[in-house]
1. Output the number of the condition that residue 85 fails; it satisfies all remaining conditions of (1) in contact (Cβ under 8 Å) with a residue 60 or more places away in the chain; (2) within 12 Å of the chain's Cα centre (by Cα).
2. Here is a list: 111, 117. Which entry is surrounded by fewer than 17 Cβ atoms within 10 Å (Cβ to Cβ) and either touching a residue at least 24 places away in the same chain (Cβ under 8 Å) or closer than 22 Å to residue 46 by Cα (or both)?
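No lab work stands behind these numbers, since they all come straight from the coordinates. Remember, it's a predicted structure, so these values are computed and weren't measured experimentally. No Cβ is skipped: glycine too gets one built from the backbone with ideal geometry, and neighbour counts run over all protein chains shown.
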């Protein structure tokens, strides 16, 4: 089995676990009568979350991966306080980071890579203000989540 196949399978398993957790947590909070958790679950989506949801429409999350291949000037979108989105086409990768509130589309991402052909969760990444060039923070990546476009009719539906 190739490394990419193993990474893909592990990403799918991790996403399935995260989805299961996301589904069960609100139900568990309601069962416990936790008013705060119930209110947080009902909170309206932020502007960034709405933008990300629009990008992910028609896509299915895969298994998280530690690294993604980068080709030259790979397309990257910055969604303030939400995520970095890499790539285009059938599969895009979402990087929420450990503290997504620090993501700002006014900053420039500077990454010192261990491998110039990949972007990995352990790469050293900082941000600088686009206008002043001053350091604005450190970025700590989590695994990258691939989202692949669903082909209509592939599962017999639709």
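1. All conditions are met except number (1).
2. Values: 111 fails: either touching a residue at least 24 places away in the same chain (Cβ under 8 Å) or closer than 22 Å to residue 46 by Cα (or both).
Sole residue among the options that is surrounded by fewer than 17 Cβ atoms within 10 Å (Cβ to Cβ) and either touching a residue at least 24 places away in the same chain (Cβ under 8 Å) or closer than 22 Å to residue 46 by Cα (or both): 117.
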